[in-house]
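A short worksheet on the structure shown next.
The values are calculated or read from the model by the stated rules, or taken from the named source; none is laboratory data. None of the values given here were measured: they were computed from a predicted structure. Cβ placement follows ideal geometry from the backbone for every residue including glycine, while neighbour counts extend to all protein chains displayed.
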Amino acid sequence: MAGLLKKTPFRYALNAVTAGGLYVIIMALINDNVLNRYQALMLIPIGFNIILAVSLNLSAGFLGQLPLGHAGFMSIGGYSAALLSMSLSMPANVELPLAIVFGGLVAAAFGILIGLPALRLRGDYLAILTLGFGEIIRVVILNLEFTGGANCLRGIGKQTTVTWVYIFVLITLFVITTLIKSRHGRAVLAIREDEIAAEASGIPTTYYKVMAFSVSAGFAGVAGGLYAHYLSILDPSTFGFMRSAEILVIVVLGGLGSIFGSVISATVLTILPELLRDFNDYRMVIYSLMLVMVMIFKPSGLCGRYEFSLGDTLDGFFTSIRRQLGKGGPTDAADS
Amino acid sequence: MALVYLLINGLQIGSIYALVALGYSMVYGIVKLINFAHGDIIMVGAYCTWYLMSRFSFPAPAAVAAAIVFCAALGVLIEKIAYKPLRNSGRLSLLVTAIGVSLLLQNVSQLIFSPNPRMFANIFTGTVTIGDRQFSSATVVTIAISLIIMVGLTLLVKYTKIGKAMRTVSEDNETAQLMGINVNNTISFTFALGSGLAAVGAVFYCCSYSQIQPTMGSMLGLKAFVAAVLGGIGSLPGAMVGGLCIGVAESLTKGYISSKLTDAVVFGILIVVLLIKPSGILGLHRNEKV
């Protein structure tokens, strides 16, 4: 078993089976009314917040830049997806993925467009520049005719279902984890550790920075598309700086450079304000107070750079069981 | 004729931005932190003045003085509680803490004062005639007092002992410590000074816009921050120049293009400046080393 768990194809199969199993469990919980209608609907915001957080983590945690305009890409993706699906008249299950992929592509294109000039700058200046772009995107959308301007874009089909959100979350997680584990991902990590040294080692830094940035923007666009078809109304004022800050908060709380952390943190931080609804007046106060507290007492975020891997966990589990049974020979010691 | 009024209006709002930008710039220079809570300190200053004047019928100067003291104390308190423990951890965690503090201030004031906007009675009523043109006295007082404050601040930073300490700490924190400068006190003083200036800016802002609400600080703060970056963050004359530039640009956009596009123009200017000269108009360029 231990040997099998180290093989990549087997690990992919294991993850696929687990993902499928989790889906069956979630659907069973919804169909059997263990989760009520309201709780089931909460799964959708959890899903797009996971996509937003994981995609931001790519450029903030793995590339080591500090973008403050993530909501801008989300709005670009949301508006493009919504406008496409409103002009099409196809069955919902064809239209929705088409519209969302389109939204993601448009956002990724904008990511390249904005990333090329922006990524010449470093650190705080990059943060400020992306903040500026985010605000400009919002103001432009507010003043365009076909986006509905300040009157909001209305009448978007309510097509986002738990299934679609689940599929897109899986795609996001798969693409971003495999990207980071690949050769390209190692180049991105090298840029995070030391940009000048990475450049000296022959890594085309501009290319990889723009690539990571636009992939990150593209998935923000996907989340935007899901968001648009969930609310069925898009209000430009909700894509301001505070939205970008909220996503950043999710990522930093989960741990910069930990996808697992982002997933957990997005889930908790989406549910938490709902749980605090009973203390409605105080909930945002508690939320912000908690944020400051976590930062003071655990500045690396809740998970640091820890990454969860089902294969590794099972591997460790079986190894320790064998040790417990006294069958652990010298080969196992060499393995670990 | 219209152009003169637009320019004067621009200078008025520009000097408010400059006052707030000074706080951003000083804090950035000394702890390398974009203090997102600074914008909300403006809001606290505005509410403090309004509350003292409307509930306890304080005379205006006393209310303003109290607001300045309160904001300065709040600035120091925030620094001590939220930023000081994080001084040695990453800049990103500091930034997120600042965003957290900003959210906290906004929500606490929503809890106390309700999210509805309140009317703020103009302190400076009447008009002033200069030459053959009439200006509201709020405009004249804002520009005049801001200028006096900026000159005073420049002198303070240049010639006083604490000013020299501030410059030393911003240049090199550790060496300053070796020279016997109390770094903690210097940083606290910087926060107090910046927050006090924000309170002054808040009063002037309220006099020209006559409305206060808990979220008023975020956009004002962002624009003042843009002004600080435009002028060259960490540089005091830069913050003043940047503030005035942003104010005039905003006022001209309102007058000649469209009042809806002011925000886009402000951030557009920021982007162009950052791409051409990332260190800002008056900022120093520092080479990076491995």
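Structural remarks
- Residues that are within 13 Å of chain B (Cβ to nearest Cβ) and either surrounded by fewer than 16 Cβ atoms within 10 Å (Cβ to Cβ) or more than 18 Å from A:L58 (Cα to Cα) (or both) within segment A:187-208 comprise A:E193, A:D194, A:I196, A:A197, A:E199, A:A200, A:S201, listed in sequence order.
- Test: residue in segment A:276-286 that is at positive phi and surrounded by 14 or more Cβ atoms within 10 Å (Cβ to Cβ): no
- Among the candidates B:L220, B:L275, B:L282, residue that is closer than 23 Å to A:L126 by Cα, modelled with pLDDT under 85, within 19 Å of the chain's Cα centre (by Cα) and of a type outside the set (S, T, N, Q): B:L282
- Residue ID - surrounded by the most Cβ atoms within 10 Å (Cβ to Cβ), chosen from residues in segment A:291-311 that are in a helix (DSSP H, G or I) and modelled with pLDDT of 80 or more: A:M295
- Only one of the listed residues (A:G104, A:G64) is under 23 Å from the mean Cα position of the chain (by Cα) and closer than 19 Å to A:A245 by Cα. That residue is A:G64.
- Hey, B:A98 under 30 Å from A:G255 (Cβ atoms), crowded, with 19+ Cβ neighbours inside 10 Å and small (G, A, S) or not: yes
- Residue in segment B:96-109 that is under 20 Å from B:P214 (Cα atoms), at pLDDT 85 or above and away from chain A (no Cβ under 14 Å) present: no
- Taking the conditions (1) in contact with a Gly (Cβ under 8 Å, 6 or more places away or on another chain); (2) over 17 Å from A:I76 (Cα atoms); (3) within 14 Å of chain B (Cβ to nearest Cβ) in turn, A:L248 satisfies each one other than (1).
- Residue within segment B:28-40 that is at pLDDT 90 or above and hydroxyl-bearing (S, T, Y) present: no
- Qualifying residue in segment A:153-163 (condition: β-branched (V, I, T), away from every other protein chain (no Cβ under 14 Å), over 16 Å from A:L98 (Cα atoms) and over 20 Å from the mean Cα position of the chain (by Cα)): no
- Pairs with Cβ under 7 Å, 6+ apart, first in segment B:186-203 and without any contact (Cβ under 8 Å) to a residue 40 or more places away in the chain, second assigned to a helix (DSSP H, G or I): B:F189/B:I162
- Any hit, segment B:159-182, residues being touching a Phe, Trp or Tyr at 6+ places or on another chain (Cβ under 8 Å) and not aliphatic (A, V, I, L, M): no
- Verdict on B:V31 being under 30 Å from B:K254 (Cα atoms), touching a Leu at 6+ places or on another chain (Cβ under 9 Å) and away from every other protein chain (no Cβ under 11 Å): no
- Restricting segment B:110-133 to residues that are closer than 26 Å to B:I81 by Cβ and not in a loop (DSSP other than H, G, I, E, B) leaves a set whose member that is farthest from the other protein chains (Cβ to nearest Cβ) is B:F113.
- Number of residues in segment A:120-132 that are of a type outside the set (G, A, S) and at the interface with another protein chain (Cβ under 7 Å from one of its Cβ atoms) equals 5.
- Spans of helices (runs of 4 or more DSSP H) in segment A:1-57 with at least 2 residues within 22 Å of the chain's Cα centre (by Cα) and surrounded by 13 or more Cβ atoms within 10 Å (Cβ to Cβ): A:8-31, A:37-57
- With respect to the stated conditions, B:S15 fails to be among the polar types (S, T, N, Q) and free of Cβ contacts under 8 Å to residues at least 40 places away in the same chain.
- Check on B:A82, closer than 23 Å to B:T190 by Cα and at pLDDT 85 or above: yes
- All positions within segment A:312-336 that are more than 30 Å from A:G255 (Cβ to Cβ), modelled with pLDDT under 80 and part of a loop (DSSP other than H, G, I, E, B): A:G326, A:K327, A:G328, A:G329
- The helices (runs of 4 or more DSSP H) found wholly in segment B:176-282 and carrying at least 1 residues that are farther than 25 Å from B:V76 by Cβ and within 11 Å of another protein chain (Cβ to nearest Cβ) occupy B:216-231, B:262-276.
- Index of the failed condition, B:F58 passing every other in (1) within 13 Å of B:V203 (Cα to Cα); (2) touching a Leu at 6+ places or on another chain (Cβ under 7 Å): (1)
- In summary, A:V263 fulfils each of the numbered conditions (1) touching a Pro at 6+ places or on another chain (Cβ under 9 Å); (2) under 18 Å from A:V169 (Cβ atoms); (3) among the β-branched types (V, I, T) with the single exception of condition (1).
A quick yes/no check of all residues on (1) acidic (D, E); (2) under 20 Å from B:T139 (Cα atoms); (3) buried (at least 20 other Cβ atoms within 10 Å of the Cβ):
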| position | (1), (2), (3) |
| --- | --- |
| B:L178 | no, no, no |
| B:F191 | no, no, yes |
| B:G194 | no, no, yes |
| B:S208 | no, yes, no |
| B:K223 | no, yes, yes |
| B:G242 | no, yes, yes |
| B:K260 | no, no, no |
| B:L275 | no, no, no |
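- Within the span defined as segment B:65-82, every residue fails to be out of contact with any strand residue (DSSP E or B) (no Cβ under 6 Å at 6 or more places or on another chain), assigned to a loop (DSSP other than H, G, I, E, B), more than 14 Å from every other protein chain (Cβ to nearest Cβ) and not hydrophobic (A, V, I, L, M, F, W, C).
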